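This report concerns only the one structure given below.
None of the figures in this text is laboratory data; all of them are computed from the coordinates on show. Keep in mind it's a predicted model, so treat the numbers as computed, not measured. Here the Cβ is made from the backbone with ideal geometry for all residues, glycine too, and neighbour counts use every protein chain on show.
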Amino acid sequence: MTWIETQSPNFAARHAEADGADADGVLELLEGIREQLSDVFPVVPEGVTVVIHSNAAQLALAQPVAAVLRAFTAPSSRRYVAGWYSKDEIHLLSPRLLSARASSVPGSLEMLMLAPAALYGQLVAGLSNPGLPPPFTPTSWLHAGRWAWLSAGAGQWFSGQTAHARPAIASRLREGDQPSFPPKLRDAQLLGGTVFDLVASESGERAAIRLATEPPGDQPELIARNFPGRSIADTEGVWRAHLARLGGV
């Protein structure tokens, strides 16, 4: 396949000729989210290359972790695993493929179209938080499952995906098994943003920024620090009630 490169002030997109118009839209979206995040995060990278893949097999070959993550994600959330990132690259499916993945429920298409911004949000959070990747090291991979909700949740909430997630959350809550708190790997791609949403609703956006940027350390201590004044069990109950409200249950 012949790659074509399209430039914007802070990004470069590599893509097939058929995805040229989509590449322009992705770059416009990323420039917008970069400008927003530069106001709240200490590290906002420039010179990031965005590789737009024309099919899922191509993405899996370039970034096998995306296929592995999709396999380990709950069924209701798998359609939203759209790519992966490193310190200076974002790999994702073409928006035309993301559009085809959307379900008929409200918000599904919007979440998928925001996938490039969510991946960039994960990258920004990781560069701003010494406890999160990138870089992806043996140690960071060892703890990837534990902290997936924190990384993915930052990308979701700061990109605006969480605002469109209500129908998807409702679908997840109907699957039968109860999600863990904080969300484990299988639910991180959908429910991680709800933890940020709860923090912001209780303590404001600055608290959500602190959650994304402070080294996480011990998980119970992180929850206690960001939801002060009540036990972890009580916070879990409040979060589950928040999920039920978001999902309309």
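From the phi angles alone, apply the Karplus equation (6.51, -1.76, 1.60; θ = phi - 60°) to the range 193-198 and give each ³J(HN,Hα) in whole Hz, x where the residue is Gly or Pro.
Using θ = phi - 60°, the values come out as x, 5, 5, 4, 4, 5 Hz.
What distance in nm lies between label points placed 7 Å from Cα along the C-beta direction at residue 43 and residue 110?
Distance between label points: 3.2 nm.
Once the Cα gyration tensor of the chain is diagonalised, what are the square roots of 5 times its eigenvalues, in whole Å and ordered largest first, as equivalent ellipsoid semi-axes? List each step's numbers first, then the result.
Values: eigenvalues 164, 81, 52 Å².
That gives 29, 20, 16 Å for the three semi-axes.
Can you list the trypsin sites (Lys or Arg not before Pro) in the range 163-248 that are in a DSSP coil and have 15 or fewer other beta carbons within 10 angstrom? Provide the component values of the computation, followed by the final result.
Working: sites: 172, 174, 184, 186, 206, 210, 225, 230, 240, 245; in loops: 174, 184, 230.
Within the range 163-248, the qualifying trypsin sites (Lys or Arg not before Pro) (loop, at most 15 other Cβ atoms within 10 Å) are 174, 230.
Which stretch or stretches of the range 68-88 have amide N atoms under 20 Å from the point lying 7 Å from residue 141's Cα along the Cα→Cβ direction?
What the label zone holds, given the 20 Å backbone N cut-off, is 68-73, 83-88.
Counting only C-alpha contacts under 8 Å and six or more residues apart, can you give the relative contact order of the range 4-247 as a whole percent? It would help to have the intermediate numbers written out before the result.
On the way: 385 pairs, mean separation 42.0, N = 244.
Here the relative contact order equals 17 percent.
Tell me, what HN-Hα J-couplings in whole Hz come from the Karplus equation 6.51 cos²θ - 1.76 cosθ + 1.60 at θ = phi - 60° for each residue of the range 127-137, using x for Gly and Pro?
Going residue by residue, I get 6, 8, 10, x, x, 10, x, x, x, 8, 10 Hz, with x marking Gly and Pro.
Rounded to the nearest 0.05, what FRET efficiency do residue 57 and residue 24 have when you use their Cβ-Cβ distance and R0 = 35 Å? Display every interim value, and only then the final one.
Details: r = 25 Å, r/R0 = 0.70.
FRET efficiency, residue 57 to residue 24: 0.90.
So how much slack lies between residue 88 and residue 8, counting 0.36 nm per residue of separation and subtracting their Cα-Cα distance, in nm? Intermediate values should be presented prior to the final figure.
Numbers: separation 80, 0.36 × 80 = 28.80 nm, distance 1.50 nm.
Extra length available between residue 88 and residue 8 comes to 27.3 nm.
So how much slack lies between residue 178 and residue 103, counting 0.36 nm per residue of separation and subtracting their Cα-Cα distance, in nm? Walk me through the numbers on the way to the answer.
Working: separation 75, 0.36 × 75 = 27.00 nm, distance 2.26 nm.
Stretched fully, the residue 178-residue 103 segment lengthens by 24.7 nm.
Using the beta-carbon distance between residue 230 and residue 206 and R0 = 30 Å, what value does 1/(1 + (r/R0)^6) give for FRET efficiency, to the nearest 0.05?
Values: r = 20 Å, r/R0 = 0.66.
For R0 = 30 Å, the calculated efficiency reads 0.90.
If each of residue 72 and residue 244 carries a label point 7 Å out from its Cα toward its Cβ, how far apart are those two points in nm?
3.1 nm
Which ³J(HN,Hα) values in Hz, rounded to whole numbers, follow from the phi angles of the range 170-185 under the Karplus curve 6.51 cos²θ - 1.76 cosθ + 1.60, where θ = phi - 60° and Gly and Pro get x?
Ordered by residue, 3J(HN,Hα) equals 4, 4, 4, 5, 8, 6, x, 6, 7, x, 7, 10, x, x, 7, 3 Hz.
Would you mind checking which residues have amide H under 5 Å from residue 44's amide H? H placed 1.01 Å from N; only 5 or more apart, or other chain.
For residue 44, whose amide H was placed from the backbone, there are no distant partners under 5 Å.
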